[in-house]
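Asks: Below is the structure I would like to discuss, written out as structure tokens.
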Amino acid sequence: MFVALRELAFARTRFGLMGAVVALISVLMVLLSGLSSGLVVDGVSGLLRSPITAVAFAEGTRTDSAFTRSLVSSAERDAWAARDDVADAELLGTAIVNARNDDGTPVDLTLFGVERGGFVEPATGEGRALAGEGEVVLSSSARDEGVEIGDVLTVDRVGTELEVVGFTTDQRTFGHVDIGFLDLRTWQEVHVGVPDGGPLPADTYDTASVVALRGVDGALPDLAAGDAAAGTAARTVEDAFDSSPGYSAEIMTMQLIQGFLYAISALVVGAFFTLWTVQRTRELAVMRAIGASTRYLVTDGLAQAAILLVASVGVGLGIGLGLGALVTGTGMPFALETGPIVTGAVLLLGLGLAGAGVATVRIARVDPVTALGENR
């Protein structure tokens, strides 16, 4: 690594500019990773942070926005509950509604109708759990909308009043809207859309959106066998994320942007070291002429690239994490998670080294005779 270190010191301006480019790419990687994770949390944290193992939709329901399209009955719930590999099966209702606070402030909510005391009902971090009809426990993030315990939210169109009795311990959102957990019976009345006091259809209290499932000891039940018995279309909770409004389009867009970022990183690093190798052709030829092996020169070149990449990515990660900490909590869907950031850093290093490796192939082709001036 003697030559590599000497060149890094001698051409520090060139390597500094290249390092700055890689550092900026690393900053962008951290911010994109945070935005991608934030979109997941903001889009499906209500499912992500629940103990639900799988979700059974009505058979034939389209995948996109399936939670609002599906409609199941208690008979299908009972068929799932009767299976030995299912620990719990509960009806779960979902509906995105507009509501208004006491002072007329609009509040957007995704209503989750749950069975009181069931496994889907979340723990409350402030206030109390559901005790009856007409009550709602909101996501902790709903405080940002100015909602407080004791407020009464009125659902538009049907006029149903929901008293806020508590907040969850963490953020629970669905489709980028705060979740309000309420008694399943109240949800069923809101879902049919009949104003308070109006006649309700006969099957009002027998239906919900999906059957929420939890396997024995947290294991995944046999979904195919359960579907055959209940006449449903079940999916794991992770697969059900795609049924959240806009989830697939957002995640695919972010993954495409990140893919291009990694490809650009490899191309930029490869192009830099290709030009650097071309400029060093005579020096490399001299080293070959005095006995340096191809393996030594290639190893030296890769070590030079590794030093540059590790230092630049490290600086970029530090800056990106600092900027991310400033963005977190500003209302933007942004979440710093170790896994995606580490994966992104490893990809940047790996693809950068791959690009540099392609460039160092030229070293193996350097003719020692060039050092003797045969082309002059």
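Asks: Work out from phi, with θ = phi - 60° and the Karplus expression 6.51 cos²θ - 1.76 cosθ + 1.60, the ³J(HN,Hα) of each residue of region 253-262, listed in order in whole Hz, and give x for Gly and Pro.
Replies: With the stated coefficients, region 253-262 comes to 5, 5, 5, 5, 4, 5, x, 5, 4, 5 Hz.
Asks: Would you calculate, for the chain, the mean residue ellipticity at 222 nm contributed by helices, counting each DSSP H stretch of 4 or more residues as -39,500 (n - 2.57) and dividing by all residues, to the nearest 500?
Replies: Using -39500 (n - 2.57) per qualifying helix, the result is -15500 deg cm²/dmol.
Asks: I've got another one for you. How much length is gained on full extension from Ala219 to Thr236, taking 0.36 nm per residue of separation minus their Cα-Cα distance?
Replies: Taking 0.36 nm per residue and subtracting the Cα distance, the gain is 5.0 nm.
Asks: Nearest 20 debye, what's the magnitude of the dipole of region 60-230 about its Cα centre given +1 on Lys and Arg Cβ and -1 on Asp and Glu Cβ?
Replies: The dipole magnitude comes to about 320 debye.
Asks: Moving on to the next point. I'd like the FRET efficiency for Ile149 and Thr169, computed as 1/(1 + (r/R0)^6) with the beta carbon distance as r and R0 of 25 Å, rounded to 0.05.
Replies: Once the sixth-power term is evaluated, E becomes 0.95.
Asks: Please give, to one decimal in nm, the separation of the simple spin-label points placed at Val358 and Ala249, each 7 Å out from Cα toward the Cβ.
Replies: 3.4
Asks: So, one more: Under 8 Å for C-alpha pairs, at least 6 residues apart: give me the relative contact order for region 155-258, rounded to a whole percent.
Replies: Normalised by residue count, the contact order of region 155-258 is 22 percent.
Asks: Give me the number: length gained by fully extending Leu323 to Ala271, i.e. 0.36 nm times residue separation minus the C-alpha to C-alpha distance, one decimal in nm.
Replies: 15.8 nm
Asks: Would you mind getting me the FRET efficiency between Tyr205 and Leu256? Use the beta-carbon distance for r and R0 = 41 Å, nearest 0.05.
Replies: According to the calculation, E is roughly 0.35.
Asks: Calculated FRET efficiency, Ile290 and Thr13, Cβ-Cβ r, R0 30 Å, to nearest 0.05?
Replies: 0.60
Asks: For region 60-230, what D do you get in µm² per second when you plug the Kirkwood radius from alpha-carbon pairs into Stokes-Einstein at 10 °C and 1.306 mPa s?
Replies: In µm²/s, the coefficient is 95.
Asks: Same structure, new question: What distance in nm separates the simple spin-label points at Val278 and Arg6, each placed 7 Å from Cα in the Cβ direction?
Replies: It is 2.5 nm.
Asks: Keeping all protein chains in place and using 1.4 angstrom, which order do Asp239, Asp88, Asp144 fall into by accessible surface area, from largest down?
Replies: The ordering from most to least exposed comes out as Asp144, Asp239, Asp88.
Asks: Could you tell me what % of all Cα pairs in the chain have separations over 30 Å?
Replies: Tail of P(r) above 30 Å: 54 percent of Cα pairs.
Asks: Sticking with this structure for a sec: Only Cα pairs under 8 Å and at least 6 apart count here; give the relative contact order of region 218-376 as a rounded whole percent.
Replies: 40
The values are calculated or read from the model by the stated rules, or taken from the named source; none is laboratory data. Nothing here was measured: the structure is a model prediction, and the numbers come from that model. In this analysis, Cβ positions are derived from the backbone assuming ideal geometry, glycine residues included, and neighbour counts consider all displayed protein chains. Just so you know, the surface numbers come from the protein's heavy atoms only, side chains and all, with ligands and any DNA or RNA stripped out. Shrake-Rupley method; radii C 1.70, N 1.55, O 1.52, S 1.80 Å.
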